[in-house]
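**Student:** My questions all concern the structure below.
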Amino acid sequence: MMTFDALTGVLLVPLAAAALLAMLPGYRVSARLNVVATTLTLVCAASLFFKRPQPGPYLLVDDLNATFIVLTTFVGFTTSIFSASYIGHELAIGRLTPPFVRFYHAMYQVLMFAMNLALVANNIGLMWVAIELATLTTVLMVGIYRTHEALEAAWKYFILGSVGIALALFGTVLVYMAARPVVGEGLDAMVWTVLVKRAGAFDPALLDVAFVFLLLGYGTKVGLAPLHAWLPDAHAEGPTPISAVLSGLLLNVALYALLRFKMLLAANAAALAPGPLMVTLGLVSLLFAAFMLYRRRDIKRMFAYSSIEHMGIITFAFGMGGPLANFAGLLHMTMHSLTKSAIFFAVGHIAQAKGTQRIADMGGLTETHPLLGWGLILGVVAIAGLPPLGIFMSEFLVVSSTFARAPLLAIILVAGLLVGLAGLFLRLNSIAFGEPRGPVGKPTASYAPMFAHLAIVLAAGVYMPPALVGWFQNIAGLLG
Amino acid sequence: MSRIDFDVAHLLAGSLVLISFLELYQDRLYSLLNVYAAHALVLAASVAWQAFVQDAPHLYVTAAIALLFKAIVIPVALHRIIARLGIHREIENVVGVGLAMLAGMGLVALSMVVMLRVTHGADPLAREDLAFALSVVLLGLLMMVTRRNAVSQVVGFMSLENGLVLAATGAKGMPLVVEISVAFSILIAFIVIGIFLFRIRERFDTVDVQALDRYRGEQR
């Protein structure tokens, strides 16, 4: 690349930081450098709103992925602040040793790089490579504690994730096969902007089969039931900052890949409508996860199931399609990312203070740790979809737009939402209120990231600036 | 394309499916690895033939990677790991061999029906290749679900990847990016797996994945 622009910044800053962090031994310096690097990436990402380069054969920035990139880099930035205090505590109690912390910081930046690359990729092959890289990085991070549970989780995630990735590659090859007779051999037949312009002339049958593979492949990474089996383990056993990034960001990135291919199919009139497939998978995930919330004993596992539930809702909304449902899906995705990572920030510190992740050993948090306890309550109220927070609004939009078009589906949707809500509150009650139980440690907590996220979610629920509404409407229109 | 070009490509891709079947009924780890090496060897030949037929020199690189890395380095390394762990007899099938073979045949029939039906437009060689590739992918998946042993699951995954390489090379003129990345990902995947196997050994004294189930978070 020639001159330094924001797009190169989004990719090069994490990469350079990863190289640097791999060499730096000290924890304090690397934690700060990690924060500095994510801040720089966020600044670069934000500037993409104002000035963006022309799409090339490999990279592309448009309204759709600019939104995803800013969300990703923002949550990456706040998580790095949370991670600094979280990892400091893990180091202090000896759960992690300095070499592992060094490895952790380098991998964190590689993960940011991989996610950004997947988002800006204009080439469907490159996008696949980036998602594969992100998978491998997170596998290594999930297994970092090297306990029985962590190794099992990482192994399961690795095997299921690889199978998903493999199916997605097969789908990608099929898309190329469909494009080749129309676009011609070579690089152009894998460039997304070229593909979407000429998709009308592709062989519809081949595109259909390709989409089924892509849906199964990337759907595994989104965590859609029945392909979700890796997700709860990976969330529960890895370090909590990684749980936050997995739930808040990586699932979105996989969903973004699916959306790109959905747009490709939508451009071909004779191909199958991807909507019903996504609606079905979304509803199945929502219902399944909502019922699974009841019997959870591990707090991180519980919120992992809640992530499956919400990815189901988002996939459902995008599957319904149309300006209103797409708008709701986008809003829900943004709100879910912010809220779920805030919850994991709280849960991470709570688990450190209590020395366990078992729900049975937690109780009366509002008395012993008022800030963490109330933060968690606020987060759960938000994630359950109660007014006046942001998720209430997006869920309301999903439900109301569905009622207008398919009342039967809406009834199932509402039932799933209510079951999930009850499940969450049942557990929340015993965690946050009542007699204090279990050990009471003092966490070295950083509250700023958690409350910053929750404040944004609250603000979005109370008042959405018209500029933001217009921006989301514009993207919802693009998604078709 | 002349008749002989097509026939040889067809023969090689078909052999790959046959060898996948051979893998399905191996009941000892060493023989499984040998069969996998043969699998990779045939893949290398097939890719090299495609490179020749399509006049695409960059595919020779992919063929070389398949030959050196998948047919030689990985089987040798896995041999050593197995020897060191002393687990060469431990293969446990979840289902019987007969059932697995029947399921495999069903999967091959399925992929023929699906791929041949949807690829009317493509040239005949690419059609056949895709159908065979999908069979190999599905057989690899089948192997992963019918085996409990971590090493044989990894072998299943690697033969699945071989199917993907077959698909990618059969798609004429597909940019190099993907081939390299596939090979590269196998490399990384293998490193990860290697580390895992050692760690699993360190912690559990067995590589039977079922033993891991005891440590599930839900059963505390």
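The values are calculated or read from the model by the stated rules, or taken from the named source; none is laboratory data. This is a predicted model, so every value here is computed, not measured. FYI the Cβ positions are ideal-geometry reconstructions off the backbone, even for glycines, and counts take in every protein chain you see.
**Student:** Given the criteria out of contact with any strand residue (DSSP E or B) (no Cβ under 6 Å at 6 or more places or on another chain) and at pLDDT 85 or above, does A:A445 qualify?
**Tutor:** Considered against the rule, which asks whether it is out of contact with any strand residue (DSSP E or B) (no Cβ under 6 Å at 6 or more places or on another chain) and at pLDDT 85 or above, A:A445 comes out as no.
**Student:** How many of the residues making up region B:29-53 are surrounded by fewer than 20 Cβ atoms within 10 Å (Cβ to Cβ) and in contact with a Lys or Arg (Cβ under 6 Å, 6 or more places away or on another chain)?
**Tutor:** 0
**Student:** Picking from A:V196, A:V191, A:V173, A:V212, which residue would you name as being more than 8 Å from chain B (Cβ to nearest Cβ), within 28 Å of the chain's Cα centre (by Cα) and buried (at least 23 other Cβ atoms within 10 Å of the Cβ)?
**Tutor:** A:V191
**Student:** Just to be sure before I move on: is B:L59 crowded, with 19+ Cβ neighbours inside 10 Å and touching a residue at least 60 places away in the same chain (Cβ under 8 Å) in the structure I sent?
**Tutor:** It is true that B:L59 is crowded, with 19+ Cβ neighbours inside 10 Å and touching a residue at least 60 places away in the same chain (Cβ under 8 Å).
**Student:** Ok, one more. In region A:125-153, how many are in contact with a Ser or Thr (Cβ under 9 Å, 6 or more places away or on another chain) and more than 16 Å from A:V110 (Cα to Cα)?
**Tutor:** 1
**Student:** Just a yes or no: is a residue in region B:165-176 assigned to a helix (DSSP H, G or I) and at pLDDT below 55?
**Tutor:** no
**Student:** Scanning for something away from chain B (no Cβ under 11 Å) and not small (G, A, S), does region A:199-209 turn up at least one residue?
**Tutor:** Checked region A:199-209: no residue is away from chain B (no Cβ under 11 Å) and not small (G, A, S).
**Student:** Further question on the same structure: Within region A:126-169, track down each residue that is among the charged types (D, E, K, R) and either in contact with a strand residue (DSSP E or B) (Cβ under 9 Å, 6 or more places away or on another chain) or more than 7 Å from chain B (Cβ to nearest Cβ) (or both).
**Tutor:** A:K156
**Student:** Next up: Just wondering, is there one or more residues in region A:90-110 that are β-branched (V, I, T), part of a helix (DSSP H, G or I) and within 19 Å of A:A304 (Cα to Cα)?
**Tutor:** Looking only at region A:90-110, we keep the residues that are β-branched (V, I, T), and these are A:93, A:97, A:101, A:110.
Now restrict to residues that are part of a helix (DSSP H, G or I): A:101, A:110.
Then keep just the ones that are within 19 Å of A:A304 (Cα to Cα); that gives none.
There is no residue in region A:90-110 that is β-branched (V, I, T), part of a helix (DSSP H, G or I) and within 19 Å of A:A304 (Cα to Cα).
**Student:** How many residues does region A:425-474 hold that are outside any helix (DSSP H, G or I), in contact with a helix residue (DSSP H, G or I) (Cβ under 7 Å, 6 or more places away or on another chain), of a type outside the set (D, E, K, R) and on the phi < 0 side of the Ramachandran plot?
**Tutor:** 10
**Student:** Take the conditions at negative phi, in contact (Cβ under 8 Å) with a residue 40 or more places away in the chain and buried (at least 22 other Cβ atoms within 10 Å of the Cβ) and apply them to A:L264. Does it pass? Reasoning before the result, please.
**Tutor:** Details: at negative phi: yes; in contact (Cβ under 8 Å) with a residue 40 or more places away in the chain: yes; buried (at least 22 other Cβ atoms within 10 Å of the Cβ): yes.
When the stated conditions are applied, A:L264 passes them.
**Student:** Could you give every pair whose Cβ atoms fall below 6 Å, whose first residue belongs to region A:218-245 and is closer than 12 Å to A:L281 by Cα and away from chain B (no Cβ under 12 Å), and whose second residue is buried (at least 24 other Cβ atoms within 10 Å of the Cβ) and hydroxyl-bearing (S, T, Y), counting only separations of at least 6 or pairs across chains?
**Tutor:** Short answer, once both residue conditions are applied: A:L224/A:S285; A:A225/A:S285; A:L227/A:T220.
**Student:** Let me ask something else about it. For the subset of region A:274-300 comprising residues that are within 14 Å of chain B (Cβ to nearest Cβ), buried (at least 20 other Cβ atoms within 10 Å of the Cβ) and not hydrophobic (A, V, I, L, M, F, W, C), which member is farthest from A:H310 (Cα to Cα)? Working first, answer last.
**Tutor:** Taking region A:274-300 first, the residues within 14 Å of chain B (Cβ to nearest Cβ) are A:292-300.
Narrowing further to those that are buried (at least 20 other Cβ atoms within 10 Å of the Cβ): A:292-293, A:296, A:298-300.
If we keep only those that are not hydrophobic (A, V, I, L, M, F, W, C) too, we end up with A:296, A:298, A:300.
Numbers: A:R296: 17, A:D298: 19, A:K300: 15 Å.
Restricting to residues being within 14 Å of chain B (Cβ to nearest Cβ), buried (at least 20 other Cβ atoms within 10 Å of the Cβ) and not hydrophobic (A, V, I, L, M, F, W, C), the top hit is A:D298.
**Student:** Now, a different point. Could you list all residues from region B:159-176 that are more than 9 Å from chain A (Cβ to nearest Cβ) and surrounded by fewer than 24 Cβ atoms within 10 Å (Cβ to Cβ)?
**Tutor:** The one that is more than 9 Å from chain A (Cβ to nearest Cβ) and surrounded by fewer than 24 Cβ atoms within 10 Å (Cβ to Cβ): B:L176.
**Student:** Let me ask something else. Is there any pair with a first residue in region B:135-153 that is within 11 Å of chain A (Cβ to nearest Cβ) and a second that is at pLDDT below 85 and not in a helix (DSSP H, G or I) whose Cβ atoms are under 7 Å apart and which are 6 or more apart or on different chains, and what are they?
**Tutor:** Close Cβ pairs satisfying both conditions: B:A150/B:V207; B:Q153/B:R147.
**Student:** Within region A:174-192, does at least one residue satisfy the condition of being in contact with a Leu (Cβ under 6 Å, 6 or more places away or on another chain), in contact (Cβ under 8 Å) with a residue 12 or more places away in the chain and not aliphatic (A, V, I, L, M)?
**Tutor:** No: region A:174-192 contains no residue that is in contact with a Leu (Cβ under 6 Å, 6 or more places away or on another chain), in contact (Cβ under 8 Å) with a residue 12 or more places away in the chain and not aliphatic (A, V, I, L, M).
**Student:** Looking at region B:111-134 only, could you name the residues that are small (G, A, S), facing chain A (nearest Cβ under 9 Å) and assigned to a helix (DSSP H, G or I)?
**Tutor:** B:A126, B:A133
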